[in-house]
Amino acid sequence: MAIATLLTDLGVRDPYLAMAKGKLMSGVPNIQVVDVSHDPAVTGDEMIGSFMLRNVIPQFPRGTMHIISVNTTLDFGSRFVAFEHKGHFFIGADSGIFYMCFGEHPSKVYDITSYSKSFSTFPMMDIFVPVAVELAGGKKLEEMGLMEIKLVEKTMFYPTVEPNRIVGSILYVDVYGNLITNVTRNLFEKVRNGRRFRIYVRSVTYSVTKISNNYNEVIEGEMVCVINYSGLIEIAMHNANCAKMLGVEVRSSMVIEFVD
């Protein structure tokens, strides 16, 4: 059975998402379609989209097609791509989201911008879905007569590391207002080296000095830090929206200070 994940900015209010799904299902009978996100307020940011992709990809079997239709207006300078990377197939706009996700170039990337024979106002329908249908039918990208290109390079924000401090940033704010940072467990423990620490955002007024196992280890409204499923430091408030309480958004800074 073919599997496809969809990450788009089409929303769920209008018929566009259903149109694209219907065309994909008509072209690939019995395909399993999994929604990642369709919220344009969230998915329009390449850094957020790459974070979502990086977490979703490992959970799916090899051969899965990942269709990313974000900021896909076809105009001068737009470029759409299709490629295979580590056993998965990717189709979408080359806005930098793919390189941010992988941090490397796939071996072969194909330009599918001109795949549609006529001008398209809806690339998801006229380019991405037809390419996915051909791939699901067993056709190889190299058989489609497409030009090989390199991905647009955009990089994620990386933490700044000092002897007694890590300055990171917020990669993602989830629906609960929890703050997912770009500081990994491995980096934290390496720099910490057994020392005491304080983690804070904006001000030390709200800070924590321990890593908890779950959100319920503190009283309601108190800040808590955990290592999440992705191995990243996550800052939250028990039964409260941490992002709103602190006035924090994606790309805001967070700090970890170490004390000998």
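Table for the structure above
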{"read-out": "Count of residues meeting criterion [among the hydroxyl-bearing types (Ser, Thr, Tyr) and at pLDDT 95 or above] in the range 201-228", "value": "2"}
{"read-out": "Any pair with Cβ under 6 angstrom, 6 or more apart, that starts in the range 196-209 at a residue that is at negative phi and ends at one that is surrounded by 17 or more Cβ atoms within 10 Å (Cβ to Cβ) and of a type in the set (S, T, N, Q)", "value": "Arg198/Ser207; Tyr200/Ser207"}
{"read-out": "The range 80-95 residues that are farther than 16 Å from Pro123 by Cβ, paired with ones that are assigned to a loop (DSSP other than H, G, I, E, B) and not small (Gly, Ala, Ser) (beta carbon under 6 Å, 6 or more apart)", "value": "Phe83/Pro106; His85/Pro106; Gly87/Arg62; His88/Thr64"}
{"read-out": "Subset tally (residues that are over 18 Å from Ser95 (Cβ atoms), assigned to a strand (DSSP E or B) and of a type in the set (Ser, Thr, Tyr)) for the range 20-40", "value": "0"}
{"read-out": "Candidate set from the range 105-159 (those that are in contact with a Gly (Cβ under 9 Å, 6 or more places away or on another chain) and among the β-branched types (Val, Ile, Thr)); member that is nearest to Lys21 (Cα to Cα)", "value": "Val129"}
{"read-out": "Residues of the range 159-178 that turn out to be aliphatic (A, V, I, L, M) and touching a Lys or Arg at 6+ places or on another chain (Cβ under 8 Å), as a count", "value": "1"}
{"read-out": "Residues that are part of a strand (DSSP E or B) and under 16 Å from Asp174 (Cα atoms), drawn from the range 207-245", "value": "Met223, Val224, Cys225, Val226, Ile227, Leu232, Ile233, Glu234, Ile235, Ala236, Met237, Ala240"}
{"read-out": "Unmet requirement for Glu189, which otherwise passes all of (1) of a type outside the set (A, V, I, L, M, F, W, C); (2) modelled with pLDDT of 95 or more; (3) in the same structural domain as Tyr99 (by TED's automatic domain parsing)", "value": "(3)"}
{"read-out": "Residue in the range 10-19 that is outside any helix (DSSP H, G or I) and small (Gly, Ala, Ser) present", "value": "yes"}
{"read-out": "The range 129-160: number of residues that are within 30 Å of Asn228 (Cα to Cα), surrounded by 14 or more Cβ atoms within 10 Å (Cβ to Cβ) and without any contact (Cβ under 8 Å) to a residue 40 or more places away in the chain", "value": "1"}
{"read-out": "Filter result for Val204 (over 15 Å from Leu171 (Cα atoms), more than 24 Å from the chain's Cα centre (by Cα) and outside any strand (DSSP E or B))", "value": "no"}
{"read-out": "Pairs where the first residue, in the range 18-35, is modelled with pLDDT of 95 or more and the second is hydroxyl-bearing (Ser, Thr, Tyr) and buried (at least 16 other Cβ atoms within 10 Å of the Cβ), C-beta under 8 Å, 6+ apart", "value": "Ala20/Thr8; Ala20/Ser69; Val33/Thr5; Val34/Thr5; Asp35/Thr5"}
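The values are calculated or read from the model by the stated rules, or taken from the named source; none is laboratory data. On a predicted model such as this, the values are computed, not experimentally measured, just so you know. Cβ coordinates were reconstructed from backbone atoms using ideal geometry, including for glycine residues, and neighbour counts include every protein chain displayed.
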